[in-house]
Amino acid sequence: MVNPSLLSLSNQMCFAVYSTAHALNRIYKPLLDPLGLTYPQYLVMLVLWEADGLTVKEIGQRLRLDSGTLTPLLKRLQAAGLVRRERDTSDERQVRIGLTDQGRALRERAEAVPYGLLAATGCSAEEAAALRTLFVRLRDRLDHGANGRG
């Protein structure tokens, strides 16, 4: 017989992660609205602030997004004047994404976002770093498990 508590919503790790993701998005929205960014656009900008001039494929790999999801985000960022999309001169099949001056300047204003999120969590910087480490470890184990079966 199956233990009924195993099927309780409150015992589901997936729901804890899912509902936490929604709570995080609710916190990010007012932090990102003044920047004119959605959360997915913010992630793209974080990648480009780390390494400007990446291909769409490279950005997708870092964010774990396919090009079908990423391309509309990039088009909106381009329309907002934050990035430019150009064909790679050495491989016309590749599109490189570069920050505009406006996109680079936005970085300074975005520096307040992580502090706002940390304040909302009520965690210390050390606690937040430990949680991040646990989430990354879980993600990597799940990826490994999914790939091991595939």
What pairs can you find where one residue is in the stretch 18-47 and under 14 Å from residue 104 (Cα atoms), the other is of a type in the set (Phe, Trp, Tyr) and surrounded by 14 or more Cβ atoms within 10 Å (Cβ to Cβ), and their Cβ atoms are less than 8 Å apart, with a gap of 6+ or different chains?
-> 35/42; 42/28
Only one residue in 54, 24, 32 is under 19 Å from residue 99 (Cβ atoms) and within 15 Å of the chain's Cα centre (by Cα). Which one?
-> 32
Output yes when any residue across the stretch 31-50 is under 14 Å from residue 94 (Cα atoms) and surrounded by fewer than 18 Cβ atoms within 10 Å (Cβ to Cβ), and no when none is.
-> no
Considering every residue within the stretch 28-42, establish whether at least one is under 23 Å from residue 142 (Cα atoms) and of a type in the set (A, V, I, L, M, F, W, C).
-> no
Identify the single condition in (1) within 20 Å of residue 43 (Cα to Cα); (2) exposed (fewer than 14 other Cβ atoms within 10 Å of the Cβ); (3) at pLDDT below 95; (4) basic (Lys, Arg) that residue 96 does not satisfy, given that it satisfies every other one.
-> (2)
Within the stretch 75-89, can one find any residue that is part of a helix (DSSP H, G or I), among the β-branched types (Val, Ile, Thr) and either closer than 17 Å to residue 107 by Cα or at pLDDT below 95 (or both)?
-> no
Determine if the stretch 35-42 includes at least one residue that is modelled with pLDDT of 95 or more, of a type in the set (Gly, Ala, Ser) and assigned to a helix (DSSP H, G or I).
-> no
Taking the condition in contact (Cβ under 8 Å) with a residue 24 or more places away in the chain, closer than 21 Å to residue 131 by Cβ and out of contact with any strand residue (DSSP E or B) (no Cβ under 7 Å at 6 or more places or on another chain), does residue 70 pass?
-> no
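The values are calculated or read from the model by the stated rules, or taken from the named source; none is laboratory data. Everything quoted here is computed from the prediction, not taken from an experiment. All Cβ positions, glycine included, derive from the backbone under ideal geometry; neighbour counts span all protein chains shown.
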